[in-house]
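Reviewing the structure listed below.
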Amino acid sequence: MGSPRTFPAESRLAFLKEQDARHLRRTLSPVTMRRPGHLTAGGEEIVDFSSNDYLGLSRHPSLRRRALNAIKEHGSGSGASRLMSGDLDLHHELERLFAELKGKEAALLFNSGYQANVGLLQALTGRRDAIVADRLIHASIIDGAMMSRARLLRFNHNDTESLAAILGDKRSDFDNVLIVTESVFSMDGDLAPLEEICRLKDQFGCELLVDEAHATGIFGPEGAGRVEQAGLGDKVEFIMGTFSKALGGFGAAVAADRADVDYLINTARSFIYSTALPPSVVASNIAALKYCMQDKDPGKELLAEAERLREMLQDAGLTVRGKSQIIPVILGGSDRTLKVGRRLLQRGYRTVPVRPPTVPEGRARLRISLCTAHTADEINGLAEEIRDVT
Ligand SMILES: *Cc1c(COP(=O)(O)O)cnc(C)c1O
């Protein structure tokens, strides 16, 4: 797309018009009330397949209770950054739990997944280093790479031969090479080949950051994520997870060795220069982790339902991807995707039309995300409507 002209003001307006013409303009559409798997907007009841609140934890009584108690005890805000007076025992309790879940020595909280990725890359890489990332990696990694001034190299999506070729060709040009992947991809819902990536990382003497934004709470024992599930906790230097998706809260954390966490406390600018997460948010995140850690496999039923929906859509002749609770239906053009999304909404189902630049040109799709609060009837209903309108 290239950068739009930003000056004078008319060129900003012209940019918006152009986005309109290309069916790429982003707009907000507020909802009146959101519950897991459902929402009310414009007076209509809608089945919501667009949220990342996969386990419906945002409304769970224990999360709400702990959040309310934290407000009563500590008030609404944390008052300062962690390195000043904003650092509460609660933050440390959450970090201990997160590290335990991820099987690492220590963990560090960030105020969002976006800030975690930006802070990590800025802190861990510099001019003499390279970041080698999957082609479909989340935008926060791209932004972090820019801030780090490291060279950003991309390997083909989930393609370890492409990764090996880049490392073979370029490893010796750089001091450190940080490989970055998501364990469950946010737009394709598919799974990274973590074992082979770890093997290449060792072979070429690199480090590895795995973003488990969509795996935490869903995959592996106690929802620990795919790194733990594969028994790779010792191999992956930095395991990032968010509280904003399956855990029904807000914020993120990275699990790592103690020394690396101490290093990040001293260098990650998005950690140092931002106010600590509010006590209620931290308390709710603690309750969410405890909820997951009491369950051997919190994502099991959800993943089975997702597989069932994928089969129904495939049987209807649609191109469906993914191996997770995220189910992309590839429709091709932006225009068609928007139309299908709009028709589904008219029939009471909200999905997300995802268009370039978020996904490659010609690969526009409806992104469906499942939640444990969806009934089998609602899932069947969605499949029927999609069959109908495509
Ligand atoms: C959502 C997401 C993030 C950002 O997390 P937030 O907590 O929403 O800021 C980072 N990485 C991936 C892969 C994501 O899907």
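The values are calculated or read from the model by the stated rules, or taken from the named source; none is laboratory data. Please read these numbers as outputs of a predicted model, since none were measured by experiment. Note that each Cβ is placed from the backbone with ideal geometry, even for glycine, and that neighbours are counted across all protein chains shown.
Things to note:
- Count of segment 198-211 residues which are touching a residue at least 60 places away in the same chain (Cβ under 8 Å) and either out of contact with any helix residue (DSSP H, G or I) (no Cβ under 8 Å at 6 or more places or on another chain) or surrounded by 24 or more Cβ atoms within 10 Å (Cβ to Cβ) (or both): 2
- Of all the residues in segment 231-264, those that are closer than 17 Å to residue 121 by Cβ and either away from the ligand (no atom under 11 Å from the Cβ) or at pLDDT below 95 (or both) number 11.
- Qualifying position, being of a type outside the set (D, E, K, R), at pLDDT below 95 and not in a helix (DSSP H, G or I), among 136, 152, 178: 136
- Odd one out for residue 56, checked against (1) more than 26 Å from residue 222 (Cβ to Cβ); (2) touching a Pro at 6+ places or on another chain (Cβ under 6 Å): (1)
- Scan of segment 261-294 for residues that are in a loop (DSSP other than H, G, I, E, B) and within 20 Å of residue 106 (Cα to Cα), ordered by number: 268, 276, 277
- The listed residues are 124, 167, 94, and the only one of them that is over 17 Å from the mean Cα position of the chain (by Cα) and more than 28 Å from residue 277 (Cα to Cα) turns out to be 167.
- Counting only strands (runs of 3 or more DSSP E) that sit completely within segment 1-119, those holding 2 or more residues that are touching a residue at least 24 places away in the same chain (Cβ under 8 Å) and farther than 30 Å from residue 304 by Cβ correspond to 106-110.
- Against the test of being more than 16 Å from the ligand (Cβ to nearest atom), surrounded by 22 or more Cβ atoms within 10 Å (Cβ to Cβ) and either under 18 Å from the mean Cα position of the chain (by Cα) or not in a loop (DSSP other than H, G, I, E, B) (or both), the options 228, 222, 195 yield a single qualifying residue, 228.
- Enumeration of residues in segment 1-16 that are surrounded by 10 or more Cβ atoms within 10 Å (Cβ to Cβ) and either aliphatic (A, V, I, L, M) or under 30 Å from residue 46 (Cα atoms) (or both): 1, 13, 14, 16
- At least 3 residues being among the aliphatic types (A, V, I, L, M) is the threshold, and among the strands (runs of 3 or more DSSP E) wholly inside segment 325-373 those reaching it are 326-332, 364-369.
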